[in-house]
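Peer 1: Next up is a structure, given as structure tokens.
Nothing in this text is a laboratory measurement; each read-out follows from the coordinates by a stated rule. Note that the coordinates shown come from a computational prediction; the quantities given were computed from them, not determined experimentally. As a convention, Cβ positions derive from the backbone with ideal geometry for all residues, glycine included, and neighbour counts pool all protein chains shown.
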Amino acid sequence: MALFLDSVDLDAIRDGMELGIYSGVTTNPGLLEGIPPADRLERYGEIARICPGSIYLQVTRQVPREMEHQALVLAEVASGRTVIKLPMSPDALRLCHSLQNHRVPVCITAVFTPAQAYAAALAGAHTVAMFVGRITRAGGDGIESLRQAMQILRAASLDTRIVAASIPDVDTLSRVLTVPGVDATIPARLQEPMLSHPGTEEAIAGFAKASAGR
Ligand code: E4P
């Protein structure tokens, strides 16, 4: 039940890694907006230097040959620690399958249904990223979809991991974590609310008062 930080912000990643709660960093093209395309590989390298864990980097090309080339380039950013994210599609599954020959782990992302998760796992995905919040926003039940996907993979003895993504708030994170064996990735803005509670603040103030001058 690993936790990942979904960010390309170097300060947020540095701060997060010091906490010792993250197994790695996930990224996506949306987070890279504002960083010129020519600078993105360098940013990935900086993330890999700060984060000792797994680094999830997403392929943005859409032509199969270009997708493969980009995947192999990204895999070298942190060799042995990079997981290549491919948005769910038949081409993505084909590439996922063939990248096993290169021993490059793949995360099939933008997964909305247990059936998609099952297909990704059969194609040899290391990880499936289920968009829990977006499933719920689209009128479904993100947590139930996550639970079903996990049940299916385990019943089929597929060891593909599932990382819950698109987590909008701490309550959703808590419900995600009730699904046995699931990993989760959270945006940096959830870190502070995940770690704090008014009751904790009140207790700390009480401890400080009780120990004042001692
Ligand atoms: C992960 O990489 C996803 O892109 C991300 O969690 C999506 O979150 P959103 O639904 O808040 O955009």
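Peer 1: Looking only at region 169-181, how many residues end up being buried (at least 17 other Cβ atoms within 10 Å of the Cβ) and within 13 Å of the ligand (Cβ to nearest atom)?
Peer 2: 3
Peer 1: Mind telling me which of the residues Ala149, Ala71, Ala117 ends up being farther than 16 Å from Ile162 by Cα and either within 16 Å of the ligand (Cβ to nearest atom) or not basic (Lys, Arg) (or both)?
Peer 2: Ala71
Peer 1: Every residue in region 1-59 that is under 18 Å from Lys85 (Cα atoms), small (Gly, Ala, Ser) and surrounded by fewer than 21 Cβ atoms within 10 Å (Cβ to Cβ), please.
Peer 2: Listed by number, the residues that qualify are Ala2, Ser23, Gly30, Gly45, Ala48, Gly53.
Peer 1: While we're looking at this one, here's another question. Contact list please: Cβ distance under 7 Å, first residue in region 162-184 and touching a residue at least 40 places away in the same chain (Cβ under 8 Å), second residue near the ligand (Cβ under 10 Å from one of its atoms) and assigned to a loop (DSSP other than H, G, I, E, B), pairs at least six apart or on different chains.
Peer 2: Val176/Ile167; Ala184/Ile167
Peer 1: Oh, and also: Give me the residue from region 14-46 that is touching a Leu at 6+ places or on another chain (Cβ under 7 Å) and without any contact (Cβ under 8 Å) to a residue 60 or more places away in the chain and, out of that set, nearest to the ligand (Cβ to nearest atom).
Peer 2: Looking at residues that are touching a Leu at 6+ places or on another chain (Cβ under 7 Å) and without any contact (Cβ under 8 Å) to a residue 60 or more places away in the chain, I get Thr27.
Peer 1: Looking only at region 182-201, which residues are of a type in the set (A, V, I, L, M, F, W, C) and either more than 12 Å from the ligand (Cβ to nearest atom) or in a loop (DSSP other than H, G, I, E, B) (or both)?
Peer 2: Listed by number, the residues that qualify are Val182, Met194, Leu195.
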